[in-house]
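First the structure, in the form of structure tokens, and then the observations on it.
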Amino acid sequence: MIDLSTLDLVIIFALFAIILSIGIYVGKTSGKDTAQYFLSGRSMPWWLLGLSMVATTFSTDTPNLVTDIVRTNGVSGNWVWWAFLVTGLLTVFVYAKLWRKSEVKTDIEFYELRYGGAPGTFLRWFRAVYLGIIFNVLAMAGVTLAAIKIGQVMLGLDPVTTVVIAGAITVVFSAIGGFKGVVYTDFILFFVAMAGAFGAAYYIVGMPEIGGLDALMAHENVKDKLNILPDFGDTNTLITLLIIPLAVQWWSSWYPGSEPGGGGYVAQRMLAAKDENHAIGATFFYNIMHYALRPWPWILVALASLVVFPDLASIQEAFPNVAEDKLGHDLAYSAMLTMLPSGLLGLVLASLSAAYMSTISTHLNWGASYVVNDFYAQQIKPDATEKELVAVGRITTVILMVVSAIIALALTNAKQLFDIILMFGAGTGLIFILRWFWWRINAWTEISAMIASGVISILVTFTPLGEMLFGAGGVFPGYAKFPFVVFSSTIIWLLVTFLTQPESKEVLYRFYKKTQPGGPGWKKVLHDAQKDQEELIHTSEAWSVPAGILAMLVGCVFIYSAMFTTGYFIYGESTKAFALLATCVVSGIVLSQIWKRIKGKVL
């Protein structure tokens, strides 16, 4: 436990006061109607939405997760989430403008735009509950778990006290301020969180116990953890950490903030943008910051923790007050922060508080938007007034916070939850990509995929079947579990798709008129429309998806090379760093030219 100085307390409470003030101020306008409360009237600029996306994903559990990964699998272990860059850039260059054209209030409302009849209605309200409540509270529980660990290690607080303090402040300004309050406070929280992360990394690496960058990189506990790419001679590690994430995971799995084809709170921000170009600019800025710049301060602290706390026993010895069921490698990040001096300690604690509030407030508003727009207003009270819907949104916000806090008290570490959510979303991602561009996808496709991935994941994760198939001496190697779920789920939803009736012409025509997706996957529908003398195409733009995919690939080179450049400069490997910097510059120039050919300048 650490003693906070007066300066530390002033910094922390000043941040809390600013956040609450903003929530109360914008609450005067955000409560007018649901469009204001959940989308801020669709008037947000790209830079504000981009900063909000970065702040939202800068949660308290993210540095803990990265620390757990680095201590367990080395820097290269981060490919388990770095691979989602492909998903992110596909959203930027292909799906962002489609989402903005749809003009739905939530990505769940999309279901009744794309699908028709009872299955489409069922899918909308069920996904609202499934994602907005179940998956959403799981994600929030992971963030709250991180806050619990920080409270235990740094402040000596018991879990319940941490949950009550952190949750109460966040839920108050989230319920009052709505989406506009979330985005405005994210602007402040972004800079506070970044300053705290970089300040902590700089100080910790320079501590006498670490001895600077050169000493850190040469330390016996760190040397074998530095590789950015996995060891190509270790087949099992290579397949687990690199091949599966890049070849299968990015397109096949649903994960909050990294949904194939866009979705969740990323889609919420695209839908709140002024126009298509602002939606694209926001998501592109977010992906650059999220992958190229932000991970390195966390990675440096994680590597330094291996010097000070080489194993779990050393963490437990240093912090005996930590509950047995909360002990894990992810604790090392908080443990290292206890060594910060007064002032910087207050800034870092404020930054962690900022990260927590930003992420939780986004999840609360996002989840409440599903419950209100896609469940309550559709299934419970279709004639509800806007004032009543906003009230339901505020009540839902409080309930989601309470439920997620209860779940957080039962969890052990962030990686545990990450793996569970990833596995349960396996096999569904390809549908989210194809449903825009293949007319044959129907509501039963998504329903069967959702059920299949959930049931199969439970069977291979929590029953003896999983041990028999993927355990020691099992039929398949352990790394085959995720591809197995993806392959099995995909076979099932493909069979269901062709065994069930396609969506009606009326539904397909309506969707095409609204979003103008284009491409060979709609050729039959366009042919039918021509025979029916139905005009579907109302734009002269050429189909931009091939150019968008090329932009995605070049964008991956641009951002990955930027990320590697930063890493190799930190490692002191200047030759590699400058070569990658040149690659970054060239790919950036090529990317700008491709984008100009797609639709002129983004901004």
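Where a number appears in this text, it was derived from the coordinates with a stated rule and is not lab data. Owing to the predicted nature of the structure, the values given are computational and were not obtained by experimental measurement. Don't worry about glycine lacking a Cβ; one is built from the backbone with ideal geometry, like all the others, and counts go over all protein chains shown.
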Problem set entry | Estimated dipole of the chain in Debye, rounded to 20 [Cβ of Lys and Arg +1, of Asp and Glu -1, Cα centre] | 1900 debye
Problem set entry | Rg and Dmax [Cα atoms of segment 206-292; Å; Rg one decimal, Dmax integer] | 19.1, 52
Problem set entry | Under-5 Å amide H pairs with I441, H placed in peptide plane, nonlocal only | none
Problem set entry | Neighbour-count ranking [beta-carbon atoms within 10 angstrom, fewest first] of S305, S561 | S561, S305
For this session: Determine how many Å³ per residue the convex hull of the Cα atoms of the chain encloses.
Result: 148 Å³
Exercise. How large is ³J(HN,Hα), in whole Hz, for each residue of segment 458-464 in order, when computed from phi with the Karplus curve 6.51 cos²θ - 1.76 cosθ + 1.60 and θ = phi - 60°, using x for Gly and Pro?
Worked result: 4, 4, 8, 9, 10, 10, x
Exercise. Taking amide H positions as placed 1.01 Å from N in the peptide plane, with prolines and chain starts having none, which residues 5 or more places from A426, or on another chain, fall under 5 Å of its amide H?
Worked result: W254
Problem set entry | Label point distance in nm, F198-W438, each placed 7 Å from Cα along Cα→Cβ | 4.4 nm
Problem set entry | Full-extension gain in nm, S43 to K513, via 0.36 nm per residue minus C-alpha separation | 166.8 nm
For this session: Please work out the FRET efficiency for the pair E573 and E209, using the Cβ-Cβ distance as r and a Förster radius of 25 Å; give the result to the nearest 0.05.
Result: 0.55
Problem set entry | Among Y291, A17, P502 - extreme Cα towards positive end, dipole of the chain, charges at beta-carbon | P502
For this session: Return the tail of the calculated pair distribution for segment 425-503, meaning the percent of Cα-Cα pairs more than 22 Å apart.
Result: 29 percent
Exercise. Taking neighbour Cβ counts within 10 Å as the exposure measure, how do L216, L138 sort from fewest upward?
Worked result: L138, L216
Problem set entry | Distance in nm between pseudo-label sites at T121 and M339 (7 Å out along the Cβ direction from Cα) | 6.2 nm
Exercise. Farthest toward the dipole's positive end in the chain, which of L553, T6, L113, given Cβ charges of +1 (Lys, Arg) and -1 (Asp, Glu) about the Cα centre?
Worked result: L113
Exercise. Quick one: Karplus J couplings for segment 107-115, per residue in order, coefficients 6.51, -1.76, 1.60, θ = phi - 60°, nearest Hz, x for Gly and Pro?
Worked result: 5, 6, 4, 3, 4, 7, 7, 8, 10
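For every helix of n ≥ 4 consecutive DSSP H residues, a contribution of -39,500 (n - 2.57) applies; sum these over the chain, divide by its total residues, and give [θ] at 222 nm rounded to the nearest 500 deg cm²/dmol.
When only DSSP H runs of four or more count, the value is -21000 deg cm²/dmol.
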Exercise. Going toward the positive end of the dipole of segment 112-263, with +1 on Lys and Arg Cβ and -1 on Asp and Glu Cβ, which of L213, S252, N236 do you reach last?
Worked result: S252
Exercise. So what does the Cα-only Debye profile of segment 113-259 read at q = 0.13, 0.21 Å⁻¹, as log10 I(q)/I(0), no solvent term?
Worked result: -1.08, -1.28
Seminar exercise, completed: Under the Karplus relation with 6.51, -1.76 and 1.60 and θ = phi - 60°, whole-Hz ³J(HN,Hα) for segment 207-216, x at Gly and Pro, equal 5, x, 5, 9, x, x, 4, 4, 5, 4
Seminar exercise, completed: Fewest-first ordering of T445, T72, T237 by Cβ atoms within 10 Å yields T72, T237, T445
